[in-house]
Amino acid sequence: MQVTAETRPSVCPHDCPSACALEVEVLPGDRIGRVHGAAMPYVDGVICAKVARYAERVHHPDRVLHPLRRVGAKGEGRFERITWGEALDEIAARFKDAAERLGPETVWPYFYAGTMGHVQQSGINRLRRVMGYSGQLKTICASAAGAGWAGGVGSKWGVPPQEIAQSGLVVVWGANPAATQVQLMGLIKQAKTANGAKLVVVDPYRTATADKADLHLMLRPGTDGALASAVMHVLFRDDLADRDYLARYTDCPERLERHLESRTPAWAAAITGLTEAEIEAFAKLYGGVPNSFLRVGYGFSRSRNGAANLHAVSCLPAVTGAWKHKGGGAMQSTSGVFDLARTLLDGLDVPQRPVRSLDMSRIGPILTGDVGKGPPVTAMLMQNTNPAVVAPDSGLVRQGLARDDLFLCVHEQVMTETARFADMVLPATTSMEHSDLYTSYGHTFLQVAKPVIAPQGESRSNHRVICDLAARLGAVHPGFEMDEWEMMDQVLDASDLPKAAEIHAMGWLNCGKVFDDAHFLSGFGHPDGRFRFAPEWGAEGLPELPDHFDVIENADAAHPFRLITPPSRHFLNSTFTETPTSLAQAKEPTALIHAEDCAALGLESGGMVRIGNAKGSVLVRVAATSGIARGVVVVESIWPDRHFAEGLGINHLTSADAALPAGGAVFHDTKVWLKAMLPADDDENGA
């Protein structure tokens, strides 16, 4: 008998710019089938393959379906089933005991973007504020990029991506949308077809996006500021700068031009590894197309100089005046167009206690003693993240999570590496099983989602768990008394937006800016309305004007290679690493290394290479390629550690150093050595 599926609307919850509107097939027995893209103008029916087969996640046989208490050693993953009442009572008692002994700052609620829904993500902040627990600096993804963009532009939006279809040139800098934002590739194809637009990709290796480029600039990691500075040198030198625009809309164009006189293509070639001819060609192409669109990614911001690099790149359309034109300008994030009132979500109406804020990217050092002022962290609640694999310096993270004096509760959908260290694991709903409100950082459409199936097993939403825990802790706030729908309505009403039911019925609500605001013709987001070539960084030591900020972990004689760890198209951070199809397609962790570097080191495709630095070493399969800058190694991530030959994943090599000026993980700023591993070699770790 053929089963007929009903289709219900939903929204993809994951940390991706697209926040796709979905149509979900719902089967008998509270199961979902195939997932399709909805007809939202940006999504246009197209979604990534990972989400299309989302049933593999929702109905995974290893889904956590009941509350669990640890009975084995931390990290061993042995648990016993308990009731929700037992679990919540014990968590509350442990949190109360820790706070009574050492003060409330000893409790550190820790979260990130496993769901981008505002109701499900934000309750943990409301709880921390009411209880006086330690704050969290949300640095692991966007803080360096945000600081770089804000330094020049001043507002967290840009030209809406739909305008790409009207562009004469598209530059994708530090992003791989063919793997991470598929709709963008459709818009680029429209621009190519309609306008004959060229595609330029700036990336240290040949990604799926770079494969489709008319020009691929394969620079060394961490040298983007040098390339951008040299391009601007050519724009001024060859009279490709829009001096009228510069005089009206920017802060110090004459000073910038003088500064760039020495930032020649020859100077940048020595730093970036590109040729002078490549830099000249790109500069003239960019300067020769009035309506050039610059899509600024996050990849090149994940470096010690990431904010300075991103600011330098963001200066390009201000020099050419591309912002004036339809299809011209730049975009890094659209999140600022959604002016949501966050008081209820985050508990901002509660007076702020003088508590510390801990840097989430430095969870390893923090849990092993580098906590700064205040007590050690002895109790944690984690939602929406898997730091045992995702955070930098994961060996140190695991050392901290394994502490006997740390009580850890993890609210999770599957048994992640972090959950295996937990004292208590609570089953979490997926986005298919709860309601939420979604914005985006890749388009301008606000969306509301309802559950399409009932919660699986005994799983509960983030919001409900926080409210239930708040009641046991004596935390009082109106947000703890509401369900998701009531909270959405109050937030939307305070934001002068339609009710949740109205937005859900419409499918989506476009919150985009009008042309003059989106293109900053009504002024950039600084008090004087001008783009800033000279940012007010708010920290010492950053360059006053666009430049190569040489604070990166440069290769040296002992560590002649630079490692970057960009996303795999088959995973989203550590999400989807449990699904059979993603695992089958990704195959195994692989190190991409230039063929000439392989030959010099005696490495062969299919063989093993040991990659190491002072933190240790990782053993991984080799893939020789010509599509990578010399001296660069790429290990697409984030594979769980168990998939590596020795059970040590790539983030064992990355640093928990904070990027200037506002923090940020430096995943793509790692110097390493390489050693060919032959079958007879000892299994050594090196240093």
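Details
- Added length on full extension, which subtracts the Cα-Cα distance from 0.36 nm per residue, Q190 to R642: 158.5 nm
- Each of D30 and Q352 was given a label point 7 Å from its Cα along the Cα-to-Cβ line. The distance between the two points is 4.1 nm.
- Overall, the ratio between the Cα radius of gyration of the chain and 2.2 N^0.38 Å, rounded to two decimals, is 0.94.
- Percent RCO, i.e. relative contact order, over the range 49-185, from Cα pairs under 8 Å lying at least 6 residues apart: 11 percent
- Spin-label model distance (nm) - A454 vs D405, 7 Å beyond Cα toward Cβ: 4.6 nm
- Computed from phi, the 3J(HN,Hα) profile of the range 475-491 under the Karplus parametrisation 6.51, -1.76, 1.60 (θ = phi - 60°) reads 7, 10, 6, x, x, 7, 9, 9, 8, 4, 5, 4, 5, 4, 4, 5, 5 Hz, with x in place of Gly and Pro.
- Disulfide-incompatible cysteines by the Cβ rule (no partner under 4.7 Å) in the chain: C16, C48, C141, C252, C315, C409, C467, C511, C598
- Only Lys, Arg, Asp and Glu carry charge here, each on its Cβ (+1 for the first two, -1 for the last two); on that basis the chain has a dipole of about 320 debye about its Cα centre.
- For the range 180-206 and the range 422-448, distance of Cα centres in Å: 29 Å
- For the chain, the solvent-accessible area works out to 36 Å² per residue, with a probe of 1.4 Å and every protein chain left in place.
- Short-range pairs are left out: with C-alpha atoms under 8 Å and at least six residues apart, the relative contact order of the range 254-411 is 15 percent.
- Only Cα pairs under 8 Å and 6+ residues apart enter the sum, and on that basis the relative contact order of the range 450-568 stands at 8 percent.
- Estimated FRET transfer efficiency when R0 is 41 angstrom, pair E540-K326 (beta carbons, to 0.05): 0.50
- With a Förster radius of 45 Å applied to the beta-carbon distance between R472 and E76, the computed FRET efficiency rounds to 0.95.
- Using θ = phi - 60° in the Karplus curve 6.51 cos²θ - 1.76 cosθ + 1.60, the 3J(HN,Hα) couplings for the range 519-531 round to 9, 6, 6, 8, x, 6, x, 10, x, 8, x, 9, 5 Hz; x is entered for Gly and Pro.
- 5 angstrom amide H check on A379, placed H, neighbours 5+ away: W108, F407
- Whole-Å semi-axes of the range 289-355's equivalent ellipsoid (Cα gyration tensor): 33, 18, 9
- Of K324/K513; K189/K326; K192/K212; K212/K326, pairs whose Cα-Cα distance is over 19 Å: K212/K326
- Amide N proximity, the range 210-250 versus A266 label position 7 Å along Cα-to-Cβ, cut-off under 20 Å: 226-239
- When only alpha carbons are used to place a centre, the range 506-540 and the range 278-318 end up 17 Å from one another.
- Carbon + sulfur, % of accessible area of the range 114-219 - ligands and nucleic acids excluded, 1.4 Å: 54 percent
- Secondary-structure-derived ellipticity at 222 nm for the chain, considering helices only, amounts to -8000 deg cm²/dmol, per-run term -39500 (n - 2.57) for DSSP H runs with n ≥ 4.
- Percent carbon-and-sulfur accessible area, the range 318-420, ignoring ligands, DNA and RNA, probe 1.4 Å: 50 percent
- In this simple spin-label model, placing a label point 7 Å from the Cα along the Cα-to-Cβ direction at both A558 and E254 gives a separation of 5.0 nm.
- For T670, the residues whose amide H sits under 5 Å from its own are L563, ignoring neighbours fewer than 5 places away on the same chain, with H placed 1.01 Å from N.
- Rounded percent of accessible protein surface that carbon and sulfur make up, the range 468-623, 1.4 Å probe: 49 percent
- Karplus-derived 3J(HN,Hα) values for the range 382-393, using 6.51 cos²θ - 1.76 cosθ + 1.60 with θ = phi - 60°, are 10, 9, 6, 7, 9, x, 4, 10, 7, 6, x, 6 Hz; glycine and proline are entered as x.
The values are calculated or read from the model by the stated rules, or taken from the named source; none is laboratory data. Here the structure is a predicted model, which means the values were calculated and not measured. Note that we place each Cβ from the backbone using ideal geometry, even for glycine, and neighbour counts take in every protein chain shown. Accessible surface is based on the protein model in full, side chains and every heavy atom, while ligands, DNA and RNA are left aside. Shrake-Rupley method; radii C 1.70, N 1.55, O 1.52, S 1.80 Å.
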